[in-house]
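Worksheet: one structure, shown below.
The values are calculated or read from the model by the stated rules, or taken from the named source; none is laboratory data. Being a predicted model, the structure only gives us computed values, none of them experimental. Quick reminder, even Gly has a Cβ in these numbers, built from the backbone with ideal geometry, and neighbours come from all protein chains shown. Calculation scope for accessible area: heavy atoms of the full protein, side chains included, ligands and nucleic acids excluded. Shrake-Rupley method; radii C 1.70, N 1.55, O 1.52, S 1.80 Å.
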Amino acid sequence: GMMLPKKLHRNDDWEEFSRIHTEQGLFGLHKHIRKLEADDPFCTKYPRLKMYDDATAITINLGD
């Protein structure tokens with residue numbers, strides 16, 4: 001999906017997620033996540049059920 005992969009028993013890293021999204025947008029965030037997943041094809045570094053999940057996201061700007 002559109003969540004950063006995480007190591008077992010780690011909390012989601014919302015600061016990193018926000019930083020990447022702010023700097024690179026949704027497309028850049030998606031590319032970053034896919035690169036992390038591709039570098040872990042056997043799902044050992046970031047435990048998950050399969051290499052990739054479907055990814056859908058939107059950004060809503062609530063003002064400046």
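Test of understanding: among Phe27, Phe17, which residue is farther than 12 Å from Met3 by Cβ and aromatic (Phe, Trp, Tyr)? Walk me through it before giving the result.
On the way: Phe17 fails: farther than 12 Å from Met3 by Cβ.
That would be Phe27, the only listed residue that is farther than 12 Å from Met3 by Cβ and aromatic (Phe, Trp, Tyr).
Determine whether Lys45 is among the charged types (D, E, K, R), open to solvent by 100 Å² or more (accessible area, probe 1.4 Å) and out of contact with any Phe, Trp or Tyr (no Cβ under 6 Å at 6 or more places or on another chain). If you could, list the steps in order and put the result at the bottom.
On the way: among the charged types (D, E, K, R): yes; open to solvent by 100 Å² or more (accessible area, probe 1.4 Å): yes; out of contact with any Phe, Trp or Tyr (no Cβ under 6 Å at 6 or more places or on another chain): yes.
It is true that Lys45 is among the charged types (D, E, K, R), open to solvent by 100 Å² or more (accessible area, probe 1.4 Å) and out of contact with any Phe, Trp or Tyr (no Cβ under 6 Å at 6 or more places or on another chain).
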Seminar exercise, completed: Restricting the range 1-42 to residues that are free of Cβ contacts under 8 Å to residues at least 24 places away in the same chain and of a type in the set (A, V, I, L, M), the one surrounded by the most Cβ atoms within 10 Å (Cβ to Cβ) turns out to be Ile20
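If you scan the range 1-52, which residues turn out to be part of a loop (DSSP other than H, G, I, E, B) and under 12 Å from the mean Cα position of the chain (by Cα)?
Here is the first cut: in the range 1-52, the ones part of a loop (DSSP other than H, G, I, E, B) are 1-13, 39-52.
Hits for the range 1-52 are Gly1, Met2, Met3, Leu4, Pro5, Lys6, Asp12, Asp13, Tyr46, Tyr52.
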